[in-house]
1. Consider L353 carefully, then state whether it is outside any loop (DSSP other than H, G, I, E, B), more than 17 Å from L337 (Cβ to Cβ) and of a type in the set (A, V, I, L, M).
2. Does L342 meet the test of being of a type in the set (A, V, I, L, M, F, W, C) and closer than 27 Å to R42 by Cα?
3. Name every residue in region 156-196 that is more than 26 Å from the chain's Cα centre (by Cα), closer than 25 Å to L125 by Cβ and among the aliphatic types (A, V, I, L, M), in order of residue number.
4. Identify, from the list R42, R70, the residue that is at pLDDT 90 or above, within 13 Å of I201 (Cβ to Cβ) and assigned by TED's automatic domain parsing to the domain that holds G167.
5. Pairs please, first residue from region 157-177 and of a type in the set (K, R), second anywhere and in a helix (DSSP H, G or I), Cβ atoms under 9 Å, 6+ apart in sequence or on different chains.
6. Count, please, the residues in region 81-117 that happen to be closer than 30 Å to R301 by Cβ and among the acidic types (D, E).
7. Spot the failing condition for M180; the list is (1) hydrophobic (A, V, I, L, M, F, W, C); (2) modelled with pLDDT of 95 or more; (3) not in a helix (DSSP H, G or I), and only one is missed.
8. Quick check on region 316-347: of everything there that is out of contact with any Pro (no Cβ under 9 Å at 6 or more places or on another chain) and in a loop (DSSP other than H, G, I, E, B), which residue is modelled with the highest pLDDT?
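The values are calculated or read from the model by the stated rules, or taken from the named source; none is laboratory data. None of the values given here were measured: they were computed from a predicted structure. For neighbour counting, all protein chains shown are included, and Cβ atoms are generated from backbone atoms with ideal geometry for every residue, glycine included.
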Amino acid sequence: MADLDDIKDGKDFHTDTPQRNTPFTLKGCGALDWGMQSRLSRIFNPETGRTVMFAFDHGYFQGPTTGLERIDINIAPLFPLADVLMCTRGILRSVVPPATNKPVVLRASGANSILTELSNEAVALSIDDAIRLNSCAVAAQVYIGSENEHQSIKNIIQLIDAGIKVGMPTMAVTGVGKDMVRDQRYFSLSTRIAAEMGAQIIKTYYVDKGFERIAAGCPVPTVIAGGKKLPEREALEMCWQAIDQGASGVDNPWPVVQANVKAGAHCVTLQVENSPHLHHMLHWLGEQNAEVSGGTMPVLRGISLCPATPLEHILPVIEDVEIIQILAVNPGYGSKLSRSALLRRISRVVALLNAAGKRDAILLAVDGSLNLEELPEIIASGVDRVVSGSALFRNDALADNISRWLTTIHSAK
């Protein structure tokens, strides 16, 4: 065959470098299959092992309760603020835009209502449908100590067994039996039982006394349920304490976001494709003032552009932003743009801003796995701000790394 003439023997085998197997460090999940680890890596940040889960599945037994009357109006604008969404398949299909591009945990138990015994649940979702909907996990309630304890445990076992066959994680959600109180002893019991049955994630409640025992005794990641509405500062403190004591995530982001703005956060950026109500959200942010020392200041609003986001999306909101942030990687996945592709993208954004007469009014930022060597070219291309995280903490030399970065940035201007 003529096309075989162009095949050449490979040379770059790097025989002096052994293949490196990257460990999967999420708590208790190192022995799971590749597909299950991949889904868990979308739910939990691979670098930190943490997550903010936004649960709005309560309608499956509460109906259109306060705040959930209109998911499209009240809830959808908050999607960009979370790492992962938790909902029912009905709401996912009817309300959540496919372009939201957030990992989803699907509610898989139900068949009850607030008018009857809450613990009387059945499996309400097949694994096939969960796969069809591209979900990253399924979730079911487990009611230890209730009259339907046995059935609720059978429900999660059924989901766990089905999920293992196809690489779908199961999250067990600890409901409270009617004869049990919400204390460390109860949640230690319920979280451990669910983990022993094989659940890969546990969602439970925070308790003031002894939560570190709950987290330590549970061999898989725990996510803290939102619970009752709290003042913003109390909600933040609860989240911090839970994470500090061993939890891997929280599932009520809105109070946290509000509290951060009130506490002084003066810059919020929204991903375009994950913000179905982008214009509304930017206007809401434009009405906020961040508390700072000596007074307040307007919250700076920005949009983040993923590597494949069409740059034309800038134009409809160009009057409503102070920052445009170009992402060099896909959040949650990696897949970094090449240096040449990133520079071309920066050049196109600069040209667009110049054409609109907005170059001096809008800060241009770049974020995503940047390294010191590429900084001079990036700064020279017209970027006003760079965002970096892990590169600055490398080798436990934060101060030295920051100094080198600042020197490079200032010399490139």
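1. Spelling it out, L353 is indeed outside any loop (DSSP other than H, G, I, E, B), more than 17 Å from L337 (Cβ to Cβ) and of a type in the set (A, V, I, L, M).
2. When the stated conditions are applied, L342 passes them.
3. Of everything in region 156-196, those that are more than 26 Å from the chain's Cα centre (by Cα), closer than 25 Å to L125 by Cβ and among the aliphatic types (A, V, I, L, M) turn out to be I157, V176, I193.
4. Exactly one residue qualifies, and that residue is R42.
5. Sorted first by the residue in region 157-177, then by its partner, the pairs are K165/I127.
6. Of region 81-117, the ones closer than 30 Å to R301 by Cβ are 81-87, 91-92, 94-105.
The next check asks that each one be among the acidic types (D, E); those that pass are 83.
Residues in region 81-117 being closer than 30 Å to R301 by Cβ and among the acidic types (D, E): 1 in total.
7. If we test M180 against (1) hydrophobic (A, V, I, L, M, F, W, C); (2) modelled with pLDDT of 95 or more; (3) not in a helix (DSSP H, G or I), just (2) comes out false.
8. Taking region 316-347 as the starting set, the residues that turn out to be out of contact with any Pro (no Cβ under 9 Å at 6 or more places or on another chain) are 316-321, 323-325, 331, 333, 338-340, 343-344, 346-347.
Next, only the ones that are in a loop (DSSP other than H, G, I, E, B) stay: 321, 331, 333, 338.
Working: V321: 93, P331: 68, Y333: 54, S338: 88.
So the residue we want is V321.
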